[in-house]
Amino acid sequence: MKPTRRSILAALLAVPSIKIASGLNAHAASPQPALALTPSCQDRDELTVAQTEGPYFKPSSPLKQDFAADAPQGTSIIIAGYVVGTDCKPVPKALVELWHADDHGAYDLDGYRLRGHQFTDESGRWWFSTIIPALYPGRTRHYHLKVQRPGGDVLTTQLYFPGEPQNDRDRIFDERLLLQISDTADGKIGRFDFVV
Ligand SMILES: [Fe+2]
């Protein structure tokens, strides 16, 4: 039976995620994140929209999900969600790669601070423990990501924050790529489900 939007959500909320919990443990006592009750996977899902890679991608990022030590002065956030197909079926072992600006709006061009990749778990879940990037001239606040199901094409895209004054002035911004932000007892959580 195909997982539905409801069952995906139920699984995410009902099953303690060891991986997400371990990320949270770095900053909080509670091991269980409370993800928002707002799944993005719908009955007739459309593929997540692609966006420009931008000038700061570096290949060969490390296998790494916890960026906290890369920007210790930054505002912590967990970003997490599923990789699913257009049928809402979770995609295990999908590549999810993240790179973004630090708390001063700068990218690490010499090393791999705030750069890393992972593979989704058996339930198609991904997460990063990182910071909220600062703005830099010409852009609203954003993350850069690449997502690839095993053997599939690489989706290059970006994710955004709701309520940012610069969103309306950024020509690349797309409201379909907004994170769903929750302020929980475990800290800020940004949720996004990729459809590939
Ligand atoms: Fe950027």
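The values are calculated or read from the model by the stated rules, or taken from the named source; none is laboratory data. This is a predicted model, so every value here is computed, not measured. No Cβ is skipped: glycine too gets one built from the backbone with ideal geometry, and neighbour counts run over all protein chains shown. Surface areas here come from the heavy atoms of the whole protein model, side chains and all, with no ligands, DNA or RNA. Shrake-Rupley method; radii C 1.70, N 1.55, O 1.52, S 1.80 Å.
Amide H to amide H, with H built 1.01 Å from N, VAL195 comes under 5 Å of THR48, VAL84, counting only residues 5 or more places away or on other chains. Given region 51-196, what whole percent of its Cα pairs are spread farther than 21 Å? Tail of P(r) above 21 Å: 40 percent of Cα pairs.
Stretching the chain fully between PHE119 and LYS93 yields a gain of 8.9 nm (0.36 nm per residue, less the alpha carbon separation). Using Cβ point charges alone (K and R +1, D and E -1), the dipole size of region 46-196 about the Cα centre works out to roughly 180 debye. Here the gap between ALA50 and THR184, fully extended at 0.36 nm per residue and compared with their Cα-Cα distance, gives a gain of 45.3 nm.
Solvent-accessible surface of region 129-196, taken per residue with a 1.4 Å probe and all protein chains present: 45 Å². In a fully extended conformation the segment linking LEU135 and VAL154 would gain 4.2 nm over its present Cα-Cα distance, using 0.36 nm per residue.
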